[in-house]
Amino acid sequence: MATEGSQARLLDSSGGPLRVSGTLFVHPDINGAVRERIPTIIIDEHEAMARLVGAEVRHLKLHGALANMASEDAAMAEACYRAALKVDPEIIIVVLAATEMERVVRDLGCNWAGEIFADRAYNDDATLVDRRKPGAVIHDGEVAAERMLGMLAADAIITESGKHIPTRIDTICLHGDTPGAAKMARVIRERLIAGGITIERFAARNRL
């Protein structure tokens, strides 16, 4: 675990204007009251570190196992999002598109952005295929780019079975720990631009 000082130095390492995302980790077995307090404390800490280097926490995204659980558990997603909005009512909540997360932010009426994954396969309910299953993680940049172009053209998540799930797509995630991620990112970016997609920072807005 990095110390507050080392995290602040990391935020300052780009040398230019900074935009910092907060990531929440919540143990699945804790009770609701504690679940709401932990995200609030974490966001407070991230905002304090960001201020040290003249930055801001602009958006929030649940990560890993927590994100997978919240994509199916509306109560868990709502607890985390309400806690974040208590700290910053204007923060942008990044959600796994077309899941319970999206339904929660629509009900809350907050700023949000819909996210899809370049390097992960989808189930027919818009959740991610278990990493342990064959084909769940995509390692070929060209394959990933073709999938992203297809989803953006369709305004929909396209699942392993070929099902189209209509959704708003604002941002694409590529996991940095996927082998060859940097090369994949370059290929995907080049293919998107060549396909007429404009790449820019997503806006702070809500869409009910």
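All of the numbers you see were taken from the coordinates with simple rules; none came from a lab. Everything numeric in this text was worked out from a predicted model, so none of it was measured. Positions of Cβ are backbone-derived with ideal geometry, glycine not excepted, and every protein chain shown enters the neighbour counts.
A cut-off of 5 Å between modelled amide H atoms, ignoring neighbours fewer than 5 places along the same chain, links VAL129 with ALA121, TYR122, ASN123.
Ordering ILE165, GLY176, ALA145 by Cα displacement along the dipole of the range 118-196 toward the positive end leaves GLY176 in first place; charges were set at the Cβ atoms of Lys, Arg (+1) and Asp, Glu (-1). Extension gain for HIS139-ARG168 works out to 8.0 nm (0.36 nm per residue, less the C-alpha to C-alpha distance).
Evaluated on the range 41-100, the Kirkwood hydrodynamic radius is 12.2 Å, with distances taken between all distinct Cα atoms. Value of Rg to Rh for the range 53-208, rounded to two decimals, is 0.96; Kirkwood radius and Rg both from alpha-carbon coordinates. Distant-in-sequence amide contacts of ALA156, defined by a placed amide H-H separation under 5 Å and a gap of 5 or more residues or a different chain, comprise THR167.
Each principal axis of the Cα cloud of the range 118-196 was taken in turn, and the coordinate range along them, longest first, works out to 31, 29, 17 Å. Note on the range 60-141: with charges restricted to the Cβ of Lys and Arg (+1) and Asp and Glu (-1), its dipole about the Cα centre is near 180 debye.
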